[in-house]
1. At 0.36 nm per residue, and after removing the present C-alpha to C-alpha distance, how many nm does the segment from residue 68 to residue 123 gain when stretched out fully?
2. Based solely on its DSSP helices, what 222 nm [θ] is calculated for the chain when runs of n ≥ 4 H residues each add -39,500 (n - 2.57) and the sum is averaged over all residues, nearest 500 deg cm²/dmol?
3. Please work out the Cα center distance from the stretch 20-87 to the stretch 90-155, rounded to the nearest Å.
4. Going from most exposed to least, what order do 100, 113 have by accessible area with a 1.4 Å probe?
5. Can you tell me the orientation of helix 3-41 relative to the chain, as the angle in degrees between its alpha-carbon axis and the longest Cα principal axis, to the nearest 10?
6. What is the spin-label model distance, in nm, from residue 75 to residue 45 if the labels are put 7 Å beyond Cα along the C-beta direction?
7. Which one of 51, 22, 72 has the biggest mean-square fluctuation once the chain is modelled by GNM with Cα springs under 10 Å?
8. Per residue, how large is the accessible surface of the stretch 1-153? Use a 1.4 angstrom probe and give square angstrom.
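The values are calculated or read from the model by the stated rules, or taken from the named source; none is laboratory data. These figures come from a predicted structure and were not determined experimentally. Note that we place each Cβ from the backbone using ideal geometry, even for glycine, and neighbour counts take in every protein chain shown. Note: areas computed on protein heavy atoms with side chains; ligands, DNA, RNA excluded. Shrake-Rupley method; radii C 1.70, N 1.55, O 1.52, S 1.80 Å.
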Amino acid sequence: MSLELITSVLTPAVMINVCALLLISTTNRNSRIRDRIRNMNNTLIHDKIDLNRDVINNYIEQLKYFKERGRLIKKAMTFNYMAFFSFVVTTLFLFFEKFLGFSIIFSVVTLLLGLVFLFAYAVILIKESRINFITTNLDAELTEKMLDDTDKMGF
């Protein structure tokens, strides 16, 4: 087995691991959205506390952003899986090239396709991160409002 073959097989193998790590990270992001929505549901349904209009409006606004973030995460995960699949196919084409005489062009195309999918994944997550900061600001604004109201009541 030549050094060139080992090197060419390692590239897609490393990229497969990258996809797996990114998938774990993206799944965690999705879990945080789901946890935040469940927290809002518990506040609204189970705690049965008196919510003023500011809290309700804030939750309505945040929920729109959470739904958008969830849609983006789903799209990002799809691109991640497509990249993963491309890198697996790249590995197969490298095998076919070495032992069955396939052209290297198949391996190169699928490797580049996987990189394009990872780029699309990253672009989508940049957009999702920007929305995450918006919801964080909404949370901070609500907290400030509630603290101001508490301070005005003399607590």
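1. 18.3 nm
2. Estimated from H runs of four or more residues: -32500 deg cm²/dmol.
3. A separation of 14 Å, based on Cα centres.
4. Descending order: 100, 113.
5. Approximately 20 degrees, to the nearest ten.
6. 2.9 nm
7. Of the options given, 51 has the highest mean-square fluctuation.
8. Per-residue value: 66 Å².
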